[in-house]
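Here the structure comes first, spelled out in structure tokens, and everything after it is commentary.
The values are calculated or read from the model by the stated rules, or taken from the named source; none is laboratory data. Computed from a prediction, not measured in an experiment: that's the story for all the values here. Cβ placement follows ideal geometry from the backbone for every residue including glycine, while neighbour counts extend to all protein chains displayed. When the accessible area is computed, the model is the full protein with side chains, heavy atoms only, and any ligands, DNA or RNA have been set aside. Shrake-Rupley method; radii C 1.70, N 1.55, O 1.52, S 1.80 Å.
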Amino acid sequence: MKNAAVIGAGTIGLSWTALFASHGLTVRVTDPRPDLAEAVESALKTFAPHLGTTAEDLTSRVHLAQDVTESVKEADVVQENGPENVEFKKDLFAKLVEEVPEDALLLSSSSAIPSTAFTEGIDGRRVLIGHPFNPPHLIPLVEVVPGEQTSEEAVTRAVEFYAALGRTPVVERKEMPGFVGNRLQNALSREAIYLVEQGVVTPEELDKVITNSLGIRWATVGPFLGSHLGGGPGGYRHMAEHIGKSMKKMWAGLGTPSQSPEEQERLIEAVEQAYGSSTYSDLAETRDRKQLAVLHAVEEN
Ligand SMILES: NC(=O)c1ccc[n+]([C@@H]2O[C@H](COP(=O)([O-])OP(=O)(O)OC[C@H]3O[C@@H](n4cnc5c(N)ncnc54)[C@H](O)[C@@H]3O)[C@@H](O)[C@H]2O)c1
């Protein structure tokens with residue numbers, strides 16, 4: 001892969017752009033946003049130090065394209081990061097399969113829409129999901145999710161592509177809305193919102209519970225290995241037959257937040273009260289610095 005097209009340069013597309021360029025790919029970026037040049041320049045400046053390089057080095061390989069046609073004309077790989085809207089993705093992929101070079105791989109960052117939903121009636125053999133976690137130049141996971149038409153060869157090429165970028169691709173065997181990562185995230189978010197709605201904790205206190213417990217644990221062991229160790233020398237079997245039984249009883253009592261317009265407004269105000277006095281760039285800078293430290297610590301151990 002030498003030439004990449006990035007379609008949609010918002011939060012996710014800008015981060016992919018920096019990652020691709022840092023691995024030597026030539027990147028052609030397109031987005032109708034009027035401030036595209038400034039957004040790309042600012043992102044490359046911010047992300048270059050995370051990637052151990054300079055903004056000048058990244059900039060030398062990143063080009064702005066007038067439109068989709070121009071961005072994909074020499075592409076070996078396309079990463080789509082436009083709006084999370086099935087009609088948008090249908091129209092775009094119908095155009096892409098006609099316009100990209102014959103063997104180009106077509107990847108969508110979609111968070112929840114499976115590719116089968118937007119490839120009906122077109123040739124979808126080279127189309128699949130490559131769903132990252134924000135920001136993709138730092139968080140290693142990419143969920144690789146083939147659609148009904150996707151070829152085995154396209155899946156293998158997508159896995160090789162993301163692995164070559166230092167990512168951790170995981171292929172998923174069924175198309176579930178939200179895939180795996182966002183289903184897990186939403187299961188936790190649902191309970192988090194419920195607990196705040198019930199007045200058990202504030203948003204800031206809820207965040208403190210996570211960053212001082214599950215967040216630290218989950219950077220080192222996933223939920224299954226965590227439970228295997230939680231069972232002591234008896235392992236997962238002991239955990240399942242012992243504490244697991246009472247945990248299962250708790251499932252029935254997990255909450256569903258009301259999220260009425262009033263409750264939603266109350267929650268937004270509470271989050272803004274907790275974090276609204278800091279700017280987006282300050283909060284993102286602190287998050288990225290800490291995430292890099294965690295990544296390095298995990299890699300070294
Ligand atoms: N934000 C996240 O945490 C996250 C994480 C993983 C995946 N995703 C997925 O990535 C995709 C992009 O999400 P985002 O958060 O970067 O959104 P975003 O709103 O920040 O960016 C979307 C960009 O698409 C652009 N766009 C609109 N029409 C376009 C067109 N015709 N051609 C090219 N670009 C166009 C917009 O101008 C905007 O800059 C979505 O499918 C989303 O589900 C988001």
Kindly indicate whether Val155 is open to solvent by 60 Å² or more (accessible area, probe 1.4 Å), among the β-branched types (Val, Ile, Thr), away from the ligand (no atom under 13 Å from the Cβ) and free of Cβ contacts under 8 Å to residues at least 60 places away in the same chain.
-> no
Just wondering, is there one or more residues in segment 12-20 that are more than 14 Å from His137 (Cα to Cα) and either within 15 Å of the ligand (Cβ to nearest atom) or not in a strand (DSSP E or B) (or both)?
-> no
If only one of Leu25, Leu14 is among the aliphatic types (A, V, I, L, M) and either within 19 Å of the chain's Cα centre (by Cα) or outside the structural domain of Thr156 (by TED's automatic domain parsing) (or both), which one is it?
-> Leu14
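A quick yes/no check of all residues on (1) of a type in the set (Val, Ile, Thr); (2) loosely packed, with under 13 Cβ neighbours inside 10 Å; (3) within 23 Å of the chain's Cα centre (by Cα):
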| residue | (1), (2), (3) |
| --- | --- |
| Glu241 | no, yes, no |
| Gln259 | no, no, no |
| Ile268 | yes, yes, yes |
| Gly276 | no, yes, no |
| Glu300 | no, yes, no |
Among the residues of segment 54-92, count how many are in contact with a Phe, Trp or Tyr (Cβ under 6 Å, 6 or more places away or on another chain) and within 12 Å of the ligand (Cβ to nearest atom).
-> 4
Restricting attention to helices (runs of 4 or more DSSP H) lying wholly within segment 231-292, give those where 2 or more residues are at pLDDT 90 or above.
-> 235-241, 261-275
In segment 213-230, which residues are of a type in the set (A, V, I, L, M), surrounded by 12 or more Cβ atoms within 10 Å (Cβ to Cβ) and part of a helix (DSSP H, G or I)?
-> Leu214, Leu225, Leu229
Might you let me know whether segment 7-20 holds any residue that is of a type in the set (Ser, Thr, Tyr) and within 20 Å of Ala163 (Cβ to Cβ)?
-> yes
